[in-house]
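*Asks:* Next up is a structure, given as structure tokens.
The values are calculated or read from the model by the stated rules, or taken from the named source; none is laboratory data. Note that the structure is a prediction, hence the values are computed from the model and not measured. Cβ placement follows ideal geometry from the backbone for every residue including glycine, while neighbour counts extend to all protein chains displayed. We work out accessible area using only protein heavy atoms, side chains counted, and drop any ligands, DNA or RNA first. Shrake-Rupley method; radii C 1.70, N 1.55, O 1.52, S 1.80 Å.
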Amino acid sequence: MLSPCLTRLTSPADPARRLVCFPHAGGAASFYRGWSRYTDPSVELLAVQYPGRENRFREPLIPTMDPLASAVAEELLGLSPLPTVLFGHSMGAAVAYEALLRIERSGATHVTRLCVSGRSPDADVRAAVRTDEEVIDAVTSLGGTNAAVFADPDLREMLLPIIRNDYHLIDGYRRAGDAPPLRADVHALTGDRDPQVTPRDAEGWRTTTSGSFSLTVFEGDHFYLVPAAERVTRSAMEAAPPLPV
């Protein structure tokens, strides 16, 4: 049985591969529910559920990267070692990267690819604390949440603490300069009109791995992966390498 940290979106009887998806700031596991239509029947599709939302809404939020990435890595290490691809979008790209560092540090080799979407490896750190209005402007300007949601007082009260927490986490995160290169392959994905990440920025992920690197640029903005869900899913899993011998 899976822990609340992971949401099962497909349940193959005899899975051959696994795709684990990490949501963006303010996002939840349900963001990836539609991807089940595009995965091969042999692929087990899981999504990470951060604390404080959906089935984990009673759990306290985690405001810093280390405990969040460590908790996710521990849960993933408890699964059967299928050939696995990690996919993270925006904040989720950083969480997936940090989780994989911890997985590889344990000696595990079954995660064969990291897909990082909508984020550069070394995004600027913002020192200033964001006001609620700044948080709302940031979220809605990227297209992740409809601005009308925040006009509803109940929804605003429910969502703002989660989004504020996630922005605090990612604003304060910096990738360690002495982090070891990943052994897994890295595939960077971005939209050609993303106001936060240019293709050149995404190219920076090349330096994070001793494995192979590839870059795919899709048409669209920061949430290019919503209309392009089928192509993104297939791109993430296409020719996913087998476990090393």
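*Asks:* Over all alpha-carbon pairs of the stretch 1-123, lay out the pair-distance distribution in 5 Å bins, whole %, shortest bin first.
*Replies:* 2, 11, 23, 27, 21, 12, 4, 0, 0
*Asks:* Here is a further query. On the protein heavy atoms, probe 1.4 angstrom, tell me the percent of accessible surface of the chain carried by carbon and sulfur. Numbers along the way, then the final one.
*Replies:* Numbers: 6020 of 11430 Å².
Whole-percent figure for carbon plus sulfur exposure: 53.
*Asks:* Per residue of the chain, what 222 nm ellipticity follows from adding -39500 (n - 2.57) for every DSSP H run with n ≥ 4, rounded to the nearest 500? Intermediate results must be reported in sequence, preceding the final value.
*Replies:* On the way: 6 runs with 72 residues, N = 245.
Value at 222 nm, helices only: -9000 deg cm²/dmol.
*Asks:* Let me check against my output: what whole-number percent is the relative contact order of the chain, with C-alpha pairs under 8 Å and at least 6 apart? Walk me through the numbers before you get to the answer.
*Replies:* Numbers: 464 pairs, mean separation 49.5, N = 245.
About 20 percent, as a whole number.
*Asks:* For Leu182, which sequence-distant residues (separation of 5 or more, or a different chain) have an amide H within less than 5 Å of its own amide H, given hydrogens modelled in the peptide plane?
*Replies:* Correct list: Thr209, Ser210.
*Asks:* Tell me, what HN-Hα J-couplings in whole Hz come from the Karplus equation 6.51 cos²θ - 1.76 cosθ + 1.60 at θ = phi - 60° for each residue of the stretch 9-25, using x for Gly and Pro?
*Replies:* 9, 9, 9, x, 5, 9, x, 9, 9, 9, 10, 10, 10, 10, x, 7, 4
*Asks:* Give me the one-decimal Kirkwood hydrodynamic radius in Å for the stretch 72-215, with the sum taken over alpha-carbon pairs.
*Replies:* Numbers: mean 1/r = 0.0607 Å⁻¹.
16.5 Å is the Kirkwood radius here.
*Asks:* Residue separation times 0.36 nm, minus the C-alpha to C-alpha distance between Thr131 and Leu77: what's the value?
*Replies:* Working: separation 54, 0.36 × 54 = 19.44 nm, distance 3.72 nm.
Gain on extension, Thr131 to Leu77, equals 15.7 nm.
*Asks:* Taking springs between alpha-carbon atoms closer than 10 angstrom, which of Met158, Met91, Met65 fluctuates most in the Gaussian network model of the chain?
*Replies:* Top of the fluctuation ranking is Met158.
*Asks:* Roughly speaking, what is the stretch gain from Ala108 to Tyr38, that is 0.36 nm per residue apart minus the C-alpha to C-alpha distance, in nm to one decimal? Before the final figure, lay out each step's value.
*Replies:* Working: separation 70, 0.36 × 70 = 25.20 nm, distance 2.76 nm.
Using 0.36 nm per residue and subtracting the Cα-Cα distance, I get 22.4 nm.
*Asks:* Tell me the label-point distance for the pair Met158, Ala13, using the 7 Å Cα-to-Cβ offset, in nm and rounded to one decimal.
*Replies:* Taking the simple label geometry, Met158 and Ala13 are separated by 3.8 nm.
*Asks:* Rounded to the nearest 5, what is the percent of antiparallel bridges among the DSSP beta bridges in the chain?
*Replies:* Values: 3 of 31 bridges.
The answer is about 10 percent antiparallel.
*Asks:* Given a Förster radius of 22 Å and the C-beta distance between Ser30 and Arg231 as r, what FRET efficiency does 1/(1 + (r/R0)^6) yield to the nearest 0.05? Let's see the in-between values first.
*Replies:* On the way: r = 21 Å, r/R0 = 0.94.
E(calc), rounded to 0.05, equals 0.60.
*Asks:* Check Val111: other-chain or 5+ apart residues with amide H under 5 Å from its amide H, H built from backbone geometry?
*Replies:* Excluding prolines and chain starts, which carry no amide H, the hits are Thr84.
*Asks:* For the chain, with every protein chain kept in place, what is the accessible area per residue (1.4 Å probe, Å²)? Could the numbers behind the result be given before it?
*Replies:* On the way: 11430 Å² over 245 residues.
Roughly 47 Å² per residue, with all protein chains present.
*Asks:* Hey, could you grab the Kirkwood Rh for the stretch 173-222? Inverse mean 1/r over distinct alpha carbon pairs, Å, one decimal. Spell out each step's value before the answer.
*Replies:* Details: mean 1/r = 0.0858 Å⁻¹.
When all Cα pairs of the stretch 173-222 are included, the Kirkwood radius is 11.7 Å.
*Asks:* Which helices of the chain meet both criteria: a Cα extent of 24 Å or more along the helical axis and a mean Kyte-Doolittle score no lower than -1.0, with helices taken as whole DSSP H segments? Write out the running numbers ahead of the final one.
*Replies:* Numbers: long enough: 153-171 (26 Å, -0.19).
Passing helices, by number: 153-171.
*Asks:* Next up: Over the alpha carbons of the chain, what is the largest minus smallest coordinate on each principal axis, giving the biggest first in Å?
*Replies:* Cα spread of the chain along its principal axes, largest to smallest: 53, 39, 33 Å.
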